[in-house]
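Trainee: Pasting a structure here, questions to come.
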Amino acid sequence: MAEEFALLGVPSCAGTHGPGQEKAPAALRSAGLVERLRAAGVTVTDRGDLPVVPFRTDPDHRDRQNLPLVVEVVRAVAKAVGGILDDGAVPLVVGGDCTITLGVLAAYVARRPGTGLLYFDGDLDLSVPDTSRSGILDTMVLSHLLGEGAPELREAGPRTPLLGPEGIVAFGYDPVELGAAGRERLGRYRLRALPCTELTAPVVDPVVEARAAWRALTADHERFVLHFDVDVIDSVDFPLANFPHFNEGLPVGVAFECLAEFCAAPPMAGLVVTEVNPDRDPDGAMVDTLVGALVGALGRRVD
Ligand SMILES: NC(=[NH2+])NCCC[C@H](N)C(=O)O
């Protein structure tokens, strides 16, 4: 039976640095995401959007900004993605900030415990409230998946930790943003994580590395969720992400080739796209290019 994708928009800025990402699901739809996927032979249904959560700061809780709101969105995502999985479809979740991936994993862990996470992101997001300067929760996604940080968030899924370190492979992170606490966690958990700097070295073939990354993850996991944060792309090339990485990250073509490699992998069982900020793209050209890359990547699953 043909694989069916189910598109879910999560227009939330609850856990991030500024406004704009709440417009991403609508922008991707206007750029023809659903129609272009269908034209490429991908079966997709549109499940609509969760409620819009506009950006705000939280001066009363500076180290864990908007925590109750982030938890609410995570729970709503878990419920909606759970429904998609129960229907036998493959979630295609469009954020929204990166905290939504906690909800996606909560849904998988409850139903399909042998699921790993390929974290294709410009940041490792290993901060916790106690040491974070910004208190922005989308910088703390992996730490909460691993069972650290704010109890309300790390305990929002069916088990804590939601994932062990062996359940995660990170790909393309920017070491400049890591910080001392992140470096300590990276070492302590022995996380499998390949920085962007190692992917852009002259002798390295990034697609070969991408293949090795998903294969390593699926050596002991039946399937994986692909988290794709567009901030893994160098902002000089493609300044669409909410949090910029100028002269860091992957060249746009390399990022899209790796995206295609991950998306074509048979064990890829769900895709989350985060940090798309249409305010950074007034003429819509980058959103259009991104839709083309997503369609090309998912189209590779169709024979
Ligand atoms: N997930 C991200 N955008 N991370 C970038 C890190 C940003 C900065 N160090 C902060 O804590 O706010």
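Trainee: So how many residues does the stretch 112-125 have that are open to solvent by less than 10 Å² (accessible area, probe 1.4 Å) and more than 10 Å from the ligand (Cβ to nearest atom)?
Mentor: Residues flagged as open to solvent by less than 10 Å² (accessible area, probe 1.4 Å) and more than 10 Å from the ligand (Cβ to nearest atom) within the stretch 112-125 amount to 6.
Trainee: Looking at the stretch 257-290 only, could you name the residues that are farther than 24 Å from Asp205 by Cα, of a type in the set (Val, Ile, Thr) and more than 16 Å from the ligand (Cβ to nearest atom)?
Mentor: Hit for the stretch 257-290 is Val287, nothing else.
Trainee: Out of the residues in the stretch 187-210 that are part of a helix (DSSP H, G or I), among the aliphatic types (A, V, I, L, M) and crowded, with 21+ Cβ neighbours inside 10 Å, state the one that is farthest from the ligand (Cβ to nearest atom).
Mentor: Top of the filtered list is Ala210.
Trainee: Among the residues of the stretch 242-251, is there at least one that is under 26 Å from Val104 (Cα atoms), aromatic (Phe, Trp, Tyr) and touching a helix residue (DSSP H, G or I) at 6+ places or on another chain (Cβ under 6 Å)?
Mentor: Within the stretch 242-251, one or more residues are under 26 Å from Val104 (Cα atoms), aromatic (Phe, Trp, Tyr) and touching a helix residue (DSSP H, G or I) at 6+ places or on another chain (Cβ under 6 Å).
Trainee: Please pick out the residue among Ala150, Ala156 that is open to solvent by 10 Å² or more (accessible area, probe 1.4 Å), over 27 Å from Thr43 (Cβ atoms) and either away from the ligand (no atom under 16 Å from the Cβ) or small (Gly, Ala, Ser) (or both).
Mentor: Being open to solvent by 10 Å² or more (accessible area, probe 1.4 Å), over 27 Å from Thr43 (Cβ atoms) and either away from the ligand (no atom under 16 Å from the Cβ) or small (Gly, Ala, Ser) (or both) holds for just one of Ala150, Ala156, which is Ala156.
Trainee: Suppose the filter is away from the ligand (no atom under 16 Å from the Cβ), assigned to a helix (DSSP H, G or I) and touching an Asp or Glu at 6+ places or on another chain (Cβ under 6 Å); does Val104 pass it?
Mentor: no
Trainee: Report whether or not Phe5 is open to solvent by less than 10 Å² (accessible area, probe 1.4 Å) and within 19 Å of the chain's Cα centre (by Cα).
Mentor: yes
Trainee: Further question on the same structure: May I ask you to list the residues in the stretch 11-51 that are surrounded by 15 or more Cβ atoms within 10 Å (Cβ to Cβ), of a type in the set (A, V, I, L, M) and more than 16 Å from the ligand (Cβ to nearest atom)?
Mentor: Hits for the stretch 11-51 are Ala26, Ala27, Leu28, Ala31, Leu33, Val34, Leu37, Ala40, Val42, Val44, Leu50.
The values are calculated or read from the model by the stated rules, or taken from the named source; none is laboratory data. Only a predicted model underlies this, so the values are computations on that prediction, with no experimental measurement involved. Neighbour counts are summed over all protein chains in view; Cβ atoms, including those assigned to glycine, are modelled from backbone coordinates with ideal geometry. To get the accessible areas, we keep the full protein, side chains included, count just its heavy atoms, and leave off ligands, DNA and RNA. Shrake-Rupley method; radii C 1.70, N 1.55, O 1.52, S 1.80 Å.
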